[in-house]
1. Mind listing the long-range amide H neighbours of VAL664? Cut-off is under 5 Å, sequence gap 5 or more, other chains count too, H placed in the peptide plane at 1.01 Å from N.
2. Can you pull the one-decimal nm distance between simple spin-label points at ASP659 and ALA244, each 7 Å off the Cα toward Cβ?
3. Which of VAL272, VAL628, VAL572, VAL317 comes first, and how do the rest follow, when ranked by fewest Cβ neighbours within 10 Å?
4. Name the long-range amide H neighbours of SER423: under 5 Å, sequence gap of 5 or more, or other chain; modelled H, no Pro or chain starts.
5. Can you run phi through the Karplus equation (6.51, -1.76, 1.60; θ = phi - 60°) for region 284-292 and list ³J(HN,Hα) in whole Hz, with x for Gly and Pro?
6. Please list 3J(HN,Hα) in residue order for region 189-194, calculated via the Karplus relation 6.51 cos²θ - 1.76 cosθ + 1.60 where θ = phi - 60°; whole Hz, with x for glycine and proline.
7. Efficiency by 1/(1 + (r/R0)^6): what FRET value for THR298 and THR271, r their Cβ-Cβ distance, R0 = 25 Å, to the nearest 0.05?
8. With r defined as the distance between the Cβ atoms of VAL724 and THR622 and R0 fixed at 25 Å, what FRET efficiency is calculated, to the nearest 0.05?
Amino acid sequence: MKSHRAQRLLLAQTNNLPGQRLRAASLRASAVLLSSLFALTACGGGANNSAQSADSAASTPIGSTPTTTARATTTTTVPVTTSSLIPVSTTAAPTTSTTTVSGVTTTTAPAVTTTVPAITTTTLAPTTTSVPAITTTTVRGTTTTTVLAVTTTSTAATTTTATVTTTTQRTGTTPQDASAALFAAQTCDTCHSANGLGTLVGPALTRQATIAELTTIIETRMPPADPTRCVGVCASDLASYIAASFTGKGSSVLVTDPLAGFATGTTQIDTVCARMAAANASNQVRTAFCGTARPTITSLTDLQSSLGIRFTNPTLVGRGNNGQGGNPGFALTGHSTSLVSRFVSAINPRAIIFTPPNARNPVPGFVTMGFTRGDQFAEITVSDRTTRALSYFLAAFTQACTATNSCTQGDLLSPAIERNWTSFTLYDESDLKNTILDCLQCHQTGGPGTQKILRMQELPNPWTHWFRDNRPGGIALFNDFRAAHGTTEDYAGIPAALLNSGDPARLEDVVRGNGFGNQPNLFNSPRIEAEVQASSAGQPANNNVPGTSATWNGIYQVSRAGNAIAVPYHDVKITDSAKLTAMTQAYAAFRAGNLAASDLPNIRQVALDSRAFEMGFAVDPTLDGRGVIVEACTQCHNSRLDQTISRSRFNVDLARMSDLAGGVLAGALRDQEMGTAIRRLNLALEDVKKMPPVRFFRSLTPSDITKAKQYLCTQVTTTIPECVP
């Protein structure tokens with residue numbers, strides 16, 4: 001749910017709210033997003049363009065001092081007795097030449113001379129003195145010569161002559177145009193967008209950084225597929241362009257932590273315990289954290305131990321032994337529609353560890369924990385031992401690198417994230433309900449007073465997207481995981497020897513046995529997998545040709561219309577094969593000690609971008625403005641959820657926008673709220689107020705945002721600034 005703290009420099013400089021510095025490594029909404037200033041993804045394809053642009057080697061780089069030459073001369077102007085206007089004179093050679101290097105086109109033209117009219121007014125005829133000034137400026141191959149002549153005479157009469165002549169010899173594009181072209185030619189805009197505000201796979205370039213820092217990042221890491229492509233002058237020119245065009249151009253107070261300002265540590269845990277005491281709750285979280293001897297939590301295994309779901313027998317292998325011999329049950333998934341959905345894949349799976357089921361019978365007091373590397377938190381669900389009601393918690397932690405905003409991908413995406421925690425905090429669902437980390441918009445979709453549920457959309461066998469060692473899809477996912485992680489690396493507190501024993505059937509037993517077998521908008525795994533395999537040879541192991549499924553399309557339409565949360569992707573794999581290969585090789589090199597933690601790319605960025613809208617990461621590109629609002633926003637902004645919190649002031653049903661007091665907004669107040677929504681659509685990707693929250697939900701393209709804005713502007717009844725052309 002949160003992106004990493006190494007990118008939280010701006011927030012650290014502008015805000016000192018308690019707890020912000022403790023979560024910046026993972027609680028960022030852009031993103032952000034996750035490696036350094038740039039997301040280390042497989043963006044930036046194309047031909048090798050390490051050669052410098054044609055004019056860069058012999059020109060003045062952007063940001064340096066231009067060359068200027070000036071000289072003065074004296075002339076005598078013969079007085080005249082009339083006023084005259086001399087027409088504009090322009091002389092230019094008719095031919096030009098064009099050269100393209102590194103994807104940047106340079107046009108060279110002969111000198112062009114333009115003379116503005118010279119206006120001379122004379123009354124009498126005394127002596128006249130003229131002092132012309134000639135100035136020549138050269139920047140990146142473009143030479144501009146300006147002649148300014150001013151003639152005055154001070155006696156009984158005055159003659160004034162003003163002539164401005166400008167000569168430009170173009171041997172290249174203008175500095176800004178040339179650098180913008182270089183930015184595009186190096187495909188930087190693919191990941192970071194032409195406006196520098198980021199995309200699905202790359203963060204905004206607005207973070208404060210020096211040109212030297214930017215140059216180093218470009219020369220050593222960008223683009224991830226070919227870090228040597230832009231070096232030397234190419235890198236320094238790009239860095240200067242980014243610094244001049246994007247750095248510091250984001251929100252003046254860019255809050256990226258959804259829990260910014262929340263209490264932390266013992267104070268926050270005391271608050272949670274007080275709430276449970278008031279409710280007379282009887283669950284494992286209260287037992288573990290609200291007694292006289294509160295545990296010290298410095299690792300994921302410490303947390304699992306406190307919840308009663310720690311692995312105690314690491315040699316009890318085999319799927320039939322899942323949840324046996326004192327071990328908890330567990331399952332791994334390569335795709336998720338949870339809060340961490342965007343960053344779950346076969347090489348960075350989501351692990352669910354849970355109290356072993358009792359066949360398909362209720363287990364009062366059961367515990368489940370969800371964990372995915374890269375996010376400094378774990379999600380906890382507990383059942384009350386008496387009432388069997390569910391409660392949700394977020395366990396947030398920090399690492400040593402958090403305090404210095406220096407967490408690398410190696411810190412966040414390896415076993416390092418699972419140990420040596422420096423702080424621990426517990427939040428409950430009431431803390432989270434008005435944040436983008438809200439549990440209940442998925443687990444209590446009917447709103448306050450309705451049943452809370454466990455979610456497992458791919459509930460029936462063969463459990464699409466879940467690892468299992470005897471199902472074609474599960475085997476394909478295991479193979480991808482092992483290619484990156486090998487056979488000796490523990491994951492999410494699960495001993496390496498046991499990982500092949502993961503079993504979604506055991507999780508299905510927990511879900512069904514505790515009364516949650518009736519899943520909303522169920523993903524029919526057997527039928528969908530069969531239809532996908534029939535439509536695309538090679539599935540599920542080879543997903544280069546995406547499959548199709550009429551059954552899946554039916555449940556997708558329900559979600560698209562805003563009547564259900566996002567549905568899982570129809571194919572078993574969500575990965576782009578080229579990205580997966582690159583990230584697998586990088587992680588294997590990191591494990592072998594051949595790649596530093598600081599150089600590990602963001603291995604979570606492996607999704608097949610062309611199908612992002614089918615994975616719940618984007619909206620259907622064919623939708624109109626109203627459709628965009630409905631698909632992107634209904635999950636959190638509907639009339640079923642709590643209408644007393646500020647989130648409910650915006651509602652996709654524009655006639656039912658809450659005034660938080662039992663009524664609805666109308667007239668100017670309603671229109672102003674739609675204006676707020678429009679502004680939030682346009683915030684930087686990593687801004688916690690960005691709507692929809694890119695970090696956890698769907699992201700919108702510029703076209704989507706334009707359509708959404710146009711739709712909202714047709715619905716206002718008063719004039720609001722956001723809708724004024």
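1. Close amide H contacts, sequence-distant or interchain: ASP659.
2. Spacing of the two 7 Å Cα→Cβ label points: 5.3 nm.
3. VAL317, VAL272, VAL628, VAL572
4. Sorted by chain and number, the residues that satisfy this are THR398.
5. My calculation for region 284-292 gives 5, 5, 5, 4, 6, 10, 10, x, 6 Hz in order.
6. With the stated coefficients, region 189-194 comes to 5, 4, 8, 10, 6, 5 Hz.
7. On the way: r = 22 Å, r/R0 = 0.87.
E between THR298 and THR271, to the nearest 0.05, is 0.70.
8. Details: r = 29 Å, r/R0 = 1.15.
That pair, VAL724 with THR622, gives E of 0.30.
Bear in mind these aren't lab numbers, they're just calculated from the coordinates by the rules spelled out. In this text the structure is predicted, and so the values were computed from the model without any measurement. A quick note on method: Cβ atoms are made from the backbone with ideal geometry, for glycine too, and the neighbour counts reach across all protein chains shown.
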